[in-house]
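Here the structure comes first, spelled out in structure tokens, and everything after it is commentary.
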Amino acid sequence: MLKLLKQIAVTGIKTEAPPRPDPGLRVAEQGLSDEILARFGGSLAIRHVDAGSCNGCELEIHMLSNPYYNLERLGIKFVASPRHADLLLVTGPVSRNMETALKRTYDAVPDPKLVVAVGDCGCTGGVFGKTYASCGRVANVIPVDIAVPGCPPTPTALMQGILTAISARGWL
């Protein structure tokens, strides 16, 4: 036991510093009043929606909760209900079967709300595009604020996209 405690003391904390916001990821810019910004109280709740992805992006999103990236240390957490969320994190091309569900989820998120499209499929429709079975990119169904490209994007790119969304609204 002492050997383990000594190793922990020698090694120290291995958590990576959060990435800086990237204005290049910004799709839309909107200003908010100070009273709306005060409502969030320094925390952000995210609702993740899989609109038809291959689950590659989901694996990277799950990495955000591990001790290395530790998204919760920044006051950002994932919630189960869109009614408790401030930000929608949408992955995959929107399948026709998910179109109505995504619109309802978007409507259930209280204003002001942010939407981050994740992955090449969420940003552009990817290899699926707009077909009889797919609506294509997320922006074809709901308004998108931030697009995080990559197949799949790295956890650092996801953190950067989320922090860019917050800074775009003045929450950071």
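The values are calculated or read from the model by the stated rules, or taken from the named source; none is laboratory data. Only a predicted model underlies this, so the values are computations on that prediction, with no experimental measurement involved. Heads up, the Cβs are rebuilt from the backbone with ideal geometry, glycines too, and the neighbour counts pull from every protein chain shown.
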Residues of region 65-98 satisfying the condition of being in a helix (DSSP H, G or I), touching a residue at least 40 places away in the same chain (Cβ under 8 Å), surrounded by fewer than 20 Cβ atoms within 10 Å (Cβ to Cβ) and in contact with a helix residue (DSSP H, G or I) (Cβ under 9 Å, 6 or more places away or on another chain): Leu74
Some residue of region 114-137 being out of contact with any Gly (no Cβ under 7 Å at 6 or more places or on another chain), of a type in the set (Ser, Thr, Tyr), farther than 16 Å from Asp50 by Cα and part of a loop (DSSP other than H, G, I, E, B): yes
Residue list for region 129-148, restricted to those being touching a residue at least 40 places away in the same chain (Cβ under 8 Å) and either more than 17 Å from Leu102 (Cα to Cα) or touching a His at 6+ places or on another chain (Cβ under 6 Å) (or both): Val148
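Quick one: count up the residues across region 28-51 that are modelled with pLDDT under 85 and part of a loop (DSSP other than H, G, I, E, B).
Residues meeting the conditions: 10.
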